[in-house]
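*Asks:* To start, I am sharing the structure in question, which I have written as structure tokens.
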Amino acid sequence: MKNEKNNEITLFLNGSEQRFCVETDETLLHVLRKRAGLTGAKKGCDLGECGACTVILDGRAVNSCCVFAVQADGKHVETIEGIGTAEHPHPLQQAFVNAGAIQCGFCTPGMIMAAKALLDRNPRPSREEIRQALSGNLCRCTGYERIEQAVMMAVEIISGYAER
Ligand code: FES
Ligand code: FES
């Protein structure tokens, strides 16, 4: 049975404090897409299995389809829309383009956010650590080779900035 009770929550969404009135059983993914108009996080399986809905919640990559919006109250949420623009892409976004890793495109925002959560806590991960961090992000098109290459490329770009 659907729970219609409304709850007011506050999210620090891509750095901006925003309030939403949500249902008790409403997911964070639903709030992002339908209330905040941020459609970068995708609804794939809606079961916590594909990673297409990945966002960063208080520094941790999460499947936003499996987080109730009320659980995110008072927390920082980072989505693909908050990390770069077409004019000023994040190094991960640029690297995904350069490596040809935007394959079907649908899964890309989730992969980039999972990779960003990794690089934020570990700026020089090994290939194995990259693989591990992306293990919840499924790709059924051409495979993971270019995706891993893109993350390695972003590591080089980011460490280049750090050495300047
Ligand atoms: S849509 Fe959330 S894990 Fe697939
Ligand atoms: S990147 Fe979407 S299925 Fe491979």
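The values are calculated or read from the model by the stated rules, or taken from the named source; none is laboratory data. No experiment lies behind these values; they were computed from the predicted model shown. All Cβ positions, even for glycine, are placed from backbone atoms using ideal geometry, and neighbour counts span all protein chains on display. Calculation scope for accessible area: heavy atoms of the full protein, side chains included, ligands and nucleic acids excluded. Shrake-Rupley method; radii C 1.70, N 1.55, O 1.52, S 1.80 Å.
*Asks:* Among the lysines, select those whose C-alpha is under 23 Å from the C-alpha of LYS34, and discard any that sit fewer than 8 residues away in the same chain.
*Replies:* Partners found: LYS2, LYS5, LYS42, LYS43, LYS75.
*Asks:* How many nm is it between the label spots at GLU49 and GLU145, if each spot is 7 Å from the Cα in line with the beta carbon?
*Replies:* With each label placed 7 Å out from Cα toward Cβ, I get 2.7 nm.
*Asks:* Related question: Would you give the gap between the C-alpha center of segment 13-36 and the C-alpha center of segment 40-80, rounded to a whole Å?
*Replies:* Centre-to-centre (Cα) distance: 11 Å.
*Asks:* Mind checking which of THR39, THR142, THR24 has the largest fluctuation in a GNM of the chain, springs on alpha carbons under 10 Å?
*Replies:* THR142
*Asks:* Just from its helices, what would the mean residue ellipticity at 222 nm be for the chain, if runs of 4 or more DSSP H residues each count -39500 (n - 2.57) and the sum is divided by every residue, rounded to the nearest 500 deg cm²/dmol?
*Replies:* Working: 4 runs with 48 residues, N = 164.
For the chain, the value works out to -9000 deg cm²/dmol.
*Asks:* If I compute solvent accessible area with a 1.4 Å probe over the protein chains, what percent of it on the chain is carbon and sulfur? Provide the component values of the computation, followed by the final result.
*Replies:* On the way: 4370 of 8740 Å².
Carbon and sulfur together cover 50 percent of it.
*Asks:* About its Cα centre, what dipole magnitude does the chain give when the only charges are +1 on Lys and Arg Cβ and -1 on Asp and Glu Cβ, stated in debye to the nearest 20?
*Replies:* Values: 18 positive and 20 negative charges, 42 e Å.
In total the dipole reaches around 200 debye.
*Asks:* Looking only at PRO123, PRO89, PRO109, which one moves most when the chain is put into a Gaussian network model with springs between Cα atoms under 10 Å?
*Replies:* In this elastic network of the chain, the residue with the biggest mean-square fluctuation among PRO123, PRO89, PRO109 is PRO89.
*Asks:* Could you do me a favour and compute the accessible area per residue for the chain, 1.4 Å probe, result in Å²? Each step should come with its number before you reach the end.
*Replies:* Working: 8740 Å² over 164 residues.
So the chain comes to 53 Å² accessible per residue, rounded to a whole number.
*Asks:* Mind checking the log10 I(q)/I(0) for segment 47-164 at q = 0.15, 0.16, 0.20, 0.21 Å⁻¹? Debye, one equal scatterer per Cα, no solvent, two decimals.
*Replies:* Per q value, in the given order, log10 I(q)/I(0) is -0.63, -0.71, -1.11, -1.21.
*Asks:* Efficiency by 1/(1 + (r/R0)^6): what FRET value for THR24 and ARG121, r their Cβ-Cβ distance, R0 = 35 Å, to the nearest 0.05?
*Replies:* Efficiency, rounded to the nearest 0.05: 0.65.
*Asks:* In the chain, what percentage of the DSSP-assigned beta bridges are antiparallel, given to the nearest 5?
*Replies:* Percent antiparallel among DSSP bridges in the chain is about 90.
*Asks:* Using the crude model of +1 on Lys and Arg Cβ and -1 on Asp and Glu Cβ, and no other charge, please compute the dipole size for segment 56-127 relative to its Cα centre, in debye to 20. Intermediate results must be reported in sequence, preceding the final value.
*Replies:* Values: 6 positive and 6 negative charges, 73 e Å.
The calculated dipole for segment 56-127 is roughly 360 debye.
*Asks:* Under unit Cβ charges (Lys, Arg +1; Asp, Glu -1), what dipole magnitude, rounded to 20 debye, does segment 6-82 have relative to its Cα centre?
*Replies:* Numbers: 8 positive and 11 negative charges, 42 e Å.
Rounded to the nearest 20 debye, it is 200 debye.
*Asks:* Could you tell me the convex hull volume per residue, in Å³, taken over the Cα atoms of segment 6-82?
*Replies:* Each residue corresponds to 72 Å³ of Cα convex hull volume.
*Asks:* Still on this structure, I have one more. Which loop-located GluC sites (Glu not before Pro) does segment 62-135 contain, where loop means any DSSP state but H, G, I, E or B and the Cβ has at most 10 other Cβ atoms within 10 Å? It would help to have the intermediate numbers written out before the result.
*Replies:* Values: sites: GLU78, GLU81, GLU87, GLU128, GLU129; in loops: GLU87.
The qualifying sites are GLU87.
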